[in-house]
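The values are calculated or read from the model by the stated rules, or taken from the named source; none is laboratory data. Here the structure is a predicted model, which is why all the values come from computation and not from measurement. Virtual Cβ from ideal backbone geometry, glycine too; neighbours counted across all protein chains shown. In case anyone asks, the SASA skips ligands and DNA or RNA and just uses the protein heavy atoms, side chains included. Shrake-Rupley method; radii C 1.70, N 1.55, O 1.52, S 1.80 Å.
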Amino acid sequence: MARVGLTAERLAVAGAELADEVGFDKVTVSALARRFGVKDASLYSHVKNSQDLKTRIALLALEELADRVAAALAGRAGKDALTSFANAYRDYAREHPGRYAAGQLKLDAETIRASAAGRHSQMTRAILRGYDLAEPDETDAVRLLGSTFHGYVTLERAGSFRHTARDTADSWSRILDALDILLRNWPAA
């Protein structure tokens, strides 16, 4: 019998909170059961296994990040949209490190299609409309932005920029300036 109050959604949220506290790689059904003060078996009527739990956390994270970025983009275009998108992305990664890591989980094609992943791509492409890029340049630019944002926040979270006195926010701002200039002056193939 399912424990009263436990649902797959509640477990995903609690798992996301746990991921932010201890790291996504340490989230297991057992760890979550301890958090609720129940036996592991109590959770298996809601999640199949740790992989199912992690997938649910990843889907939650993708949805949260898409909602945050969409709110940040509302009514913006050009460099303002680029900066708002990037800052929402970076802020989410800093505030929710475990959830951010969950959002990087490799998902199967069917799960990806049913997730908020498509919204991320659509919003990135919406930003790029302000830069008037045609294919295949638009796809290359989507990959550039994703790689830059992910690379920066991953290195920043790992403490890789601590070796200099320059504030990471200053470097971030300069990177966004450089991306805007590059996108406005995209090189011809």
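Screening Gly146 on (1) of a type in the set (Gly, Ala, Ser); (2) over 15 Å from Phe85 (Cα atoms); (3) within 22 Å of the chain's Cα centre (by Cα) shows it passes everything except condition (2).
Would you be able to say whether some residue in the stretch 41-51 is within 14 Å of Tyr100 (Cα to Cα) and open to solvent by 50 Å² or more (accessible area, probe 1.4 Å)? No, the conditions are met nowhere in the stretch 41-51. Restricted to the stretch 166-176, and to residues there that are in a helix (DSSP H, G or I) and without any contact (Cβ under 8 Å) to a residue 40 or more places away in the chain, the residue that is surrounded by the most Cβ atoms within 10 Å (Cβ to Cβ) is Thr168. Kindly evaluate Asp108 against the criterion of being within 18 Å of the chain's Cα centre (by Cα), under 16 Å from His150 (Cβ atoms) and surrounded by fewer than 19 Cβ atoms within 10 Å (Cβ to Cβ). Judged against the criteria, Asp108 is not a match. Taken as a whole, the structure leaves Lys54 outside the set of residues that are of a type in the set (D, E, K, R) and modelled with pLDDT under 95. In this structure, does Ala134 turn out to be without any contact (Cβ under 8 Å) to a residue 24 or more places away in the chain, in a loop (DSSP other than H, G, I, E, B) and either within 27 Å of Leu59 (Cα to Cα) or open to solvent by 70 Å² or more (accessible area, probe 1.4 Å) (or both)? Considered against the rule, which asks whether it is without any contact (Cβ under 8 Å) to a residue 24 or more places away in the chain, in a loop (DSSP other than H, G, I, E, B) and either within 27 Å of Leu59 (Cα to Cα) or open to solvent by 70 Å² or more (accessible area, probe 1.4 Å) (or both), Ala134 comes out as no. Criterion first (surrounded by fewer than 17 Cβ atoms within 10 Å (Cβ to Cβ) and within 26 Å of Leu62 (Cβ to Cβ)) does Ser121 satisfy it? Here the answer is yes, as Ser121 does meet what is asked.
Within the stretch 20-29, at least one residue is open to solvent by less than 20 Å² (accessible area, probe 1.4 Å) and more than 30 Å from Leu145 (Cβ to Cβ). Residues in the stretch 60-80 that are open to solvent by less than 30 Å² (accessible area, probe 1.4 Å) and farther than 12 Å from Gly103 by Cβ: Ala72, Leu73, Gly78.
Selection over the stretch 1-52 of residues that are part of a helix (DSSP H, G or I) and within 24 Å of the chain's Cα centre (by Cα) gives a count of 24.
Anything in the stretch 145-159 that is open to solvent by 50 Å² or more (accessible area, probe 1.4 Å) and either under 25 Å from Ala77 (Cβ atoms) or not in a helix (DSSP H, G or I) (or both)? List them, or say none. Once the filter is applied, which keeps residues that are open to solvent by 50 Å² or more (accessible area, probe 1.4 Å) and either under 25 Å from Ala77 (Cβ atoms) or not in a helix (DSSP H, G or I) (or both), the stretch 145-159 yields Ser147, His150, Ala158.
Every listed requirement among (1) without any contact (Cβ under 8 Å) to a residue 60 or more places away in the chain; (2) open to solvent by 20 Å² or more (accessible area, probe 1.4 Å) is met by Thr83 save one, (1).
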